[in-house]
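Working notes, structure below.
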Amino acid sequence: MGRLAEPRWVRNLLIGVTLLFLGSFLLLPLVVVFTEALRNGLAAYLASFSEPDALAAIRLTLLAAGIAVPVNCVFGLAASWAIAKFEFPGKAVLISLIDLPFAISPVISGMVYVLVFGLQGWLGPWLAEREMRIIFAVPGVVLATMFVTLPYVARELIPLMQEQGIEEEEAAAVLGASGWQTFRRVTLPNVKWALLYGVILCNARAMGEFGAVSVVSGHIRGLTNTMPLHIEILYNEYNFVAAFAVASLLALLALVTLAAKSVVERRMRQEEAQ
Amino acid sequence: MARRRILPGFGITLGYSVLYLSLIVLIPLAALFLRVTGSSWEQFWDAVSAPRAIAAYKLTFAASFAGAAVNAVFGFIVAWTLVRYRFPGKRVLDAIIDLPFALPTAVSGIALTAIYSRNGWVGRYLERAGIESAFSPLGVTIALTFVGLPFVVRTLQPALEDLDPGMEEAAATLGAGRWQTFRRVILPSLLPALITGFALAFARALGEYGSVVFISGNMPFRTEIASLLIVAKLEQYDYTGAASIGVLMLLASFLMLLAINALQHWVGSRYGRTA
Amino acid sequence: MSIELRHIWRTFGHFIALQDVNLEVRSGELMALLGPSGSGKTTLLRIIAGLETPDPVPGSAVLFRDQDVSSRNAAERQVGFVFQHYALFRNMTVFENVAFGLRVQPRKSRLSKDAIRARVYELLKLVHLEDLAQRYPSQLSGGQRQRVALARALAIQPQVLLLDEPFGALDAKVRQGLRTWLRKLHDELHVTTVLVTHDQEEALEVADRIVVMNRGQIEQVGTPDEVFHHPATEFTMEFLGSVNLFRGRIESGKAVFGPLVVDRPARLATDGAAARLFVRPHDLEINTAPNGKPSLRARILRIQSAGALVKVDLLCETGEQVNVHITHERFREMNLSPDAHVYLSMRQGKVFVEDYCI
C-alpha cells in the first residue's frame, strides 16, 4: 500500500460521504414510505387494502403487467434470435429502434396513444362510431405499459446472444436437431439468466409505470386506475396513510426486484466466469 | 440473393419483431410528428415559445443539469468507495443503488414530498433555516437528483474496475503522490465514463414526470417542468400544443443520446473500450 | 462413403472464398485440406456439412456416394462435424453433449433411454472420458473438450467426419498426442474423414491425401509424399516446409542461377524468362572446398546447433540469404564457424518459370 492508497482519514471521509448521501437519498425515502403507511397503526394500514378501489387498482396493475411482460418476453426472444443469429442490412438501426422507448419521456409515451386513439386522434372518430374506447380505458393502460417496457427483455438478450455466436446452434443442427429443438435445448438454456433478469426489470417497470399510464388512463376510479395512479388520487385527497399503504406494496416489490436482480446478477457472473 | 440459412426462423422472428415494434412504438410515434407537421408553423411556434413554455424549459434544463451535476460529484465518490474500499453493509448498498430504477416514480414522488415538505422529516429543519425545499425549484432538483443517481454510479463502476492497477503503480514509481496520481492519471481515464453517466442522468431527468409531480406543486412559471406542461395541455385537450412541446423535448433527448453515442464511439476508438 | 464436389463457388459480397472447386474424397480415406487462413478451406468444409450453401452456379453439386445432397440441410446430411472451438453445449454435461444427437431424433427412430446410455458410454470409452461424464465443458481441459466434441460427432454414426482445425487451440504437446490418436481412431473406424488445417506437419503426418488450397482454389491434390516431394506449384513448394529461393533466367533452354544451372526446367520457356529455383534446406550441401559440382560461394552468418540437425545461415555470392540443414556428424567433420567461406552445391531443386508474354 503506502503510496498506492489514500490516507486513512480520506478513506473514512469518502465512506462517510457515501453512507450519508445514499442514506439520505435512497434509504430515507424507503423508510418514510413504511413509516407513513403505519402511522395510524397496523389496522388502518390493512384497512387501506380492503377498499374496493384499491383492490381494483391492484387488479388492473396485475393485468397490465400480466399482458405486457409475456408479450415483451416473446418480442425480446424473437428480436434477439433474428439479430444475434443472422446477418441482415439495417441491423444496427433495428437495435437502436428497440431501445427507443428508453429515450422517450413517459408522458410522451402516453401521449402518442392519445394522438392515435383519442377523440381528436387518427382513429378516434372511427372508434367512437363503433363505441370502442382505448383511451381512458383499460386497453390504453395496457398499451402504454407495453410501450414503456418493450426494450427490457430484448436489450438483455441481444448482446448476450451476439456474444455467444451461432456455433452451438450449428453443432445442434449438424447433430440432427430441428430448429425448435435447437432453440429449446441449446439457445434458451444458455440465456435463461439474462431472460429472467430482463423479465424482473420489465415487470418492475410494468407495475410501477406512472407517467405514460397517467396520460391515457383518465383516472377513472375502480376502472382505469393502476396502483401508482391510485396512490396519486389518494395523496391528492390528503388520504396519506392509504396512499403510503399502497405505495408500501410497490416499495416491497422494488425491494424484491433489487434482491432478485442481485441474485441473478451473481449467477450471470458465475456463468460468465466459466 | 436468396441463400438458404442454416438456422431456421429468420423470416418469422424478424418479421414479427419489426411488426410489433412498428405497431407499438413507431406508428404511434409517427402520429406525434404528423400531428406537429400537420399544424401550421404559427401554431407550433406559439405553443413552444409561449412564456409559460419557456419558463418550463428553463426550469427543466436547469434542474436536470443541477441534479446530474450533484450526481456526478457524489456518484463518483459512491462508485469509488464501492469499488475500492471494504466496509460493512457494502453489498447491500451496492444493490440498493438501483432503487430509483426499481421504485415506481409515484412512490418516490410522495416519499420525497413527505421528507421535504414544510412539516416533513427534513423539510422542517430546512424551513427553520429559511430554505423552501418542496414546492420550489429546489424540490424539483432533489427529485431529479434521485432519479438520475444510478446512472453515474453504474457507468463509473465498471470503468473503475477495469482501471489497470499498473498505471497507478507506474505513477507511484515515477514519484507521483496519491493526489497527483488521482488528478493526472485516474481522473482523466475515468472522465469519459463520468461524462457518459452525467449525460445519461441529464437525459433521464429531462423527461421525468412521476417523481416531480408531487414535490413541485406544479405552479406555472415557477415549478412547472416540461412534462407537467404537456400533461396540463393534454388535460385542456390542446393536443397540438402538447405534441409541439413533446416533439421539442424529444429532439432534445435524442440529441443527448446522439452525443452520448458519439462520446462512447470516440472513447472506444481511442482507448479500445467503451466507457 | 465417397464425397464429390463439383463446380463449387462461394462469394461473400466482393470476396471470392471459393472459385470453381472440384474435388473427390474417396470412401474411407482421411483427407486434409491444407492452406493458409483465408484460403477457403473452412468454407469448403462447411459446404460439405451443409452449414454453408455454395453459390447457385450451373453444374454445382455436392455428392455423397454419388447422390446429390445439395438440397439437404445440415440436420439431414448425417455428418459428424467437429468445430474449431468445439462448440460444446455449455449448459450440458459431457454425457448430455454426447447424447444430444441421439435424443433429438424423431421419436420413431430414436433409441431407447438405455440404448442411448449404452451408446454414449461406449463412445466415452473410445475417447477415454468415461470418468468425466458428469462434468460440464467448462470443467475440462482443452484436449478433453476436443475429445468430447469428437465423441459427440461420432454418436450419430456419421457417414462422414468433418474436422475444422481440430487441434488448432491446443498446445504443442497435447496436439502431438491427439494427432497420433486420431490417426489410430481413423484406422479403427474407417469413416471418411476430411480435416481442415493450416499446419503442414499435421497434414503430412495424419492424412492419406492432402488438398493444398490457396485463395479459394486447389493448388494440388496428392499423397503427403507427392505434395512434399513433387510440388506442382510454387505455392505448394513454399507452403510445405521451408525452402530457399534463387532468382535467375532461362538461357538457351536452361535455367541459370549464377553458377548453378538446371538442365530441365519444369516447363519449356523462352529465353530471358525469369526463373525461380526452390531448394529445401536439406537439399543443399556445404563443402569447404569446391567438389567438382557447380557450386556457389557463400559466407556463414550464423550456426544453430541445438536440435536434431545443425542449421546454418549463409549469404551467397549472388546476394541470396539461404538456410541449410546438415547432420551433426558432417558439421563436426567440416569444423565450420561463422564468417567462414564455403561452397554450396545442390542435390535437387525445383524450377518454376514465370509466365512471360511479349
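The values are calculated or read from the model by the stated rules, or taken from the named source; none is laboratory data. Because the structure is a prediction, the values reported are computed rather than measured. Cβ atoms come from the backbone with ideal geometry, glycine included; neighbour counts cover every protein chain shown. What goes into the accessible areas is simple: the full protein's heavy atoms, side chains included, and nothing from ligands, DNA or RNA. Shrake-Rupley method; radii C 1.70, N 1.55, O 1.52, S 1.80 Å.
Of note:
- For the options C:VAL261, C:VAL69, C:VAL104, a Gaussian network treatment of chain C with springs between C-alpha atoms closer than 10 Å singles out C:VAL104 as fluctuating the most.
- Net charge over other residues, Cβ less than 14 angstrom from the Cβ of B:GLU235 (K, R count +1; D, E count -1): -2
- The translational diffusion coefficient of region C:1-123, from Stokes-Einstein at 25 °C and 0.890 mPa s with a Kirkwood hydrodynamic radius over alpha carbon pairs, comes to 148 µm²/s.
- A:GLN270 paired with B:MET219, simple spin-label distance in nm, labels 7 Å along Cα-to-beta-carbon: 5.5 nm
- Local charge for C:GLY272 was computed over the other residues whose Cβ lies under 12 Å away, with Lys and Arg +1 and Asp and Glu -1, and equals -2.
- Whole-number D in µm² s⁻¹ for region B:59-221, Kirkwood Cα-pair radius fed into Stokes-Einstein, 37 °C, 0.692 mPa s: 192 µm²/s
- Dmax and Rg, reported as Rg then Dmax, of the protein assembly as shown (C-alpha, Å): 36.4, 117
- Gain on full stretching of the segment that runs from C:LYS311 to C:ASN22 - 0.36 nm per residue minus C-alpha separation: 100.1 nm
- One equal scatterer on each Cα of region C:246-334, no solvent, Debye formula: the resulting log10 I(q)/I(0) at q = 0.16 Å⁻¹ is -0.70.
- Highest GNM mean-square fluctuation among A:PRO151, A:PRO228, A:PRO70, for chain A modelled with Cα contacts below 10 Å: A:PRO70.
- Calculated over region B:180-275: convex hull of Cα atoms, volume per residue (Å³): 120 Å³
- The stretch between B:GLU132 and B:ARG118 holds 4.3 nm of extra length on full extension. This uses 0.36 nm per residue minus the Cα-Cα distance.
- Kirkwood radius, chain C, all distinct C-alpha pairs, inverse of mean reciprocal distance: 23.3 Å.
- Compactness of region A:1-156, expressed as Rg and Dmax over alpha-carbon positions, Å: 23.7, 79
- FRET E, pair C:LEU111, A:SER178, Förster distance 22 Å, beta-carbon r, rounded to 0.05: 0.80
- Spacing of the two label points (7 Å from each Cα toward its C-beta) at C:ASN287 and C:GLU333, in nm: 1.2 nm
- As a ratio to 2.2 N^0.38 Å, the alpha-carbon radius of gyration computed for chain A takes the value 1.24.
- DSSP beta bridges in region C:3-239 [antiparallel fraction, %, rounded to 5]: 50 percent
- Mean Kyte hydropathy of 0.0 or more with a Cα span along the axis of at least 24 Å, helices from DSSP in chain B: B:51-84, B:137-162, B:187-207, B:239-271
- Accessible area of region C:244-352 belonging to carbon and sulfur atoms, whole % at 1.4 Å probe: 48 percent
- Modelled label positions at B:ARG86 and C:GLN176, each set 7 Å beyond Cα in the direction of Cβ, lie 4.5 nm from each other.
- Sparsely packed GluC sites (Glu not before Pro) within region A:197-274, loop by DSSP, other Cβ within 10 Å at most 11: A:GLU237
- Whole-Hz Karplus values for region C:276-282 come out as 10, 10, 10, 10, 6, x, 7 Hz, taken residue by residue from phi with 6.51 cos²θ - 1.76 cosθ + 1.60 and θ = phi - 60°; glycine and proline positions read x.
- Virtual paramagnetic centre 7 Å along Cα→Cβ of C:ARG247, amide N under 20 Å, in region C:284-318: C:296-299, C:314-318
- Considering chain B at the alpha-carbon level, its Rg and Dmax are found to be 22.8, 75 Å.
- Sites B:LEU19 and B:ALA50 - FRET efficiency at Förster radius 45 Å, r taken between beta-carbons, to 0.05: 0.70
- Size descriptor for region B:162-215, Kirkwood hydrodynamic radius: 13.6 Å (Cα pairs only, one decimal).
- Reciprocal mean inverse distance between Cα atoms of region C:149-221 - Kirkwood radius, Å: 13.2 Å
- Aspartates and glutamates whose Cα lies under 13 Å from that of A:LYS85, excluding same-chain neighbours fewer than 8 positions away: A:GLU163, A:GLU167, A:GLU168, A:GLU169, A:GLU170
- Under the combined filter of DSSP loop state and at most 16 neighbouring Cβ atoms within 10 Å, region B:199-275 retains these trypsin sites (Lys or Arg not before Pro): B:ARG222, B:ARG273.
- C:ARG145 sits among other residues whose Cβ lies under 12 Å from its own Cβ, and their net charge, with Lys and Arg +1 and Asp and Glu -1, is +4.
- Under the combined filter of DSSP loop state and at most 10 neighbouring Cβ atoms within 10 Å, region A:204-274 retains these chymotrypsin sites (Phe, Trp or Tyr not before Pro): A:TYR238.
- Structure note, pairs C:LYS113/C:LYS184; B:LYS58/B:LYS90; A:LYS91/B:LYS233; C:LYS311/C:LYS350: Cα-Cα distances above 28 angstrom occur for C:LYS113/C:LYS184; B:LYS58/B:LYS90; A:LYS91/B:LYS233.
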